[in-house]
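Asks: Okay, here's the structure, questions in a sec.
The values are calculated or read from the model by the stated rules, or taken from the named source; none is laboratory data. From a predicted model like this one, the values you see are computed outputs, not experimental measurements. Reconstructed Cβ throughout: ideal geometry from the backbone, glycine too, with neighbour counts over all protein chains shown. Quick note on the areas: whole protein, heavy atoms, side chains included, nothing else; ligands and nucleic acids left out. Shrake-Rupley method; radii C 1.70, N 1.55, O 1.52, S 1.80 Å.
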Amino acid sequence: TWFRTCQRGIWINWRMSYQGHNEDKDKVLNALGGKRGLIDSGLPSLVFLVVFNISGKDVNAALYAAVALSIVLTLLRLLKRETIQHAFSGLIGVGICALISKRTGNAADFYLPGLWINAGYGLLYAITNLVKWPILGVMLGPILGENLLWRKDSARLNAYIKAGWLWVAMFAARLIVQYPLYKSGNINVLGTARLLMGYPLFILTAWGTWQILRKTPTTKVN
């Protein structure tokens, strides 16, 4: 979901940029789910691809395995009394993907919602950049202690906009590569591309964001 992806962006960028107290950092990371959130939302897609191949391209078996894993991850979070926000949002996302793929009978449709989401994210980041309300600033400003004061700081505003275009490029790259694979129906190549252009590319983009933002001091609250 859009909310889940925004949270992932906040978590990684904040972790690399924030210079506040460790106590504050722990509170924010725990609230966002941290690394567990990335695991909960990513493993089901991997399991879908693996089961699809070892089951002789049985779409139903792959769908059931992905949904079952999402349920297990959510239950584990509940039993450990950990935040279930990411696991639950991941469960909903996998459920939607499974529902679409089940209805059409096309395994490639399991990845279709992801393509829609990347298109939506790309447009969101691009539009907010163009109107000089970069979504990165809106998300990170309160966490970094500058709230929306960065809008009155041209250097900081430009830094958020510049970093925002990295995210536009990431979402666009995913669509350019993955949409033709989706149309071709090559599940293995599509699933592999989804994995390779998932967290690795996401983390690389977050690192680039940090490189840009760290060069411009946060706007101080008077």
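Asks: Please go through (1) over 13 Å from the mean Cα position of the chain (by Cα); (2) at positive phi; (3) modelled with pLDDT under 85 for A31 and return the number of the only condition it doesn't satisfy.
Replies: Evaluating A31 over (1) over 13 Å from the mean Cα position of the chain (by Cα); (2) at positive phi; (3) modelled with pLDDT under 85 leaves (2) as the failure.
Asks: Among the numbered conditions (1) assigned to a helix (DSSP H, G or I); (2) open to solvent by less than 70 Å² (accessible area, probe 1.4 Å); (3) out of contact with any Gly (no Cβ under 7 Å at 6 or more places or on another chain), tell me where K102 comes up short.
Replies: That leaves (2) as the condition not met.
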